[in-house]
Amino acid sequence: MEDDLHVVQVVHTIECRWLPTCQVLLQGLTVPTLDDTGSSINLKGAEGYRRLSKLPQLKPTQVQVYAFGKARPLEMAGVFTAEVAHESTAVLAKIYVSKEWSGFLLGCQTAQELDLVHFAFGIHARNLEDLIKELDSLFKGIGCLKGPPLKLPMDDSVAPVAL
């Protein structure tokens, strides 16, 4: 079953030097892509789909795909499954086809599977007792501001709020 709603970052051109782009093989054709780690789907324009050498069967889709920041979903032509390859890695991917767009956007999962993007999540767990010892001076007494006295402007017409 397909998810009902997807948001993608659709841009007008993929020739910008600062955007993450690459070349992949799709159905034996070298295709430039925009690698969108914020997208949960792969998206291809209908014009580019028609240029594929072995035209895969396009199946209907009810998925709604929104370009980032747009209120109206893109008009979809359908979806197909095909092999996408980069260097020595190939994956079978579901690719949605838009009637309104002309590029090829690789979603996060496919870009990761092709080894094009990597995520590094660093979590440094510290022992709470060691942290308290290290920062001991911050947990004792009242801090004093060195320098001239500080005056905080107050608006008496505004009710105080605890955050």
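The values are calculated or read from the model by the stated rules, or taken from the named source; none is laboratory data. The structure displayed is predicted, hence computed values, not measured ones. When we count neighbours, we look across all protein chains shown, and the Cβ atoms used for this are built from the backbone with ideal geometry, even at glycine. Heads up: the accessible areas ignore ligands, DNA and RNA and are worked out on the full protein's heavy atoms, side chains in. Shrake-Rupley method; radii C 1.70, N 1.55, O 1.52, S 1.80 Å.
Computed on the Cα trace of the chain, the radius of gyration divided by the Kirkwood hydrodynamic radius gives Rg/Rh = 1.29.
Heavy atoms of the protein chains alone define the surface here; on that basis the chain has 74 Å² accessible area per residue at 1.4 Å probe size. Within a straight-line Cα-Cα reach of under 26 Å, residue 70 can be paired with the following lysines, leaving aside sequence neighbours fewer than 8 residues apart in one chain: 44, 59, 94, 99. Ordering 109, 95, 67 by Cα displacement along the dipole of segment 58-109 toward the positive end leaves 67 in first place; charges were set at the Cβ atoms of Lys, Arg (+1) and Asp, Glu (-1).
Hey, got a sec? Which GluC sites (Glu not before Pro) in segment 97-163 land in a DSSP loop and have at most 16 other Cβ atoms within 10 Å? Present the calculation step by step, with values, prior to reporting the outcome.
On the way: sites: 100, 113, 129, 134; in loops: 100.
In loop regions of segment 97-163 (DSSP not H, G, I, E or B), the sparsely surrounded GluC sites (Glu not before Pro) are 100.
If you stretched the chain out fully between residue 137 and residue 102, how much longer would it get, using 0.36 nm times the residue separation minus the C-alpha to C-alpha distance? Please list the in-between numbers first.
Details: separation 35, 0.36 × 35 = 12.60 nm, distance 6.02 nm.
Contour length minus Cα-Cα distance gives 6.6 nm.
In summary, the lysines within cross-link reach of residue 140, defined as a Cα separation below 28 angstrom excluding same-chain residues under 8 places away, comprise 151.
For the chain, which whole percent of the accessible surface, found with a 1.4 angstrom probe, sits on carbon and sulfur atoms?
Values: 6750 of 12110 Å².
The nonpolar share, carbon plus sulfur, comes to 56 percent.
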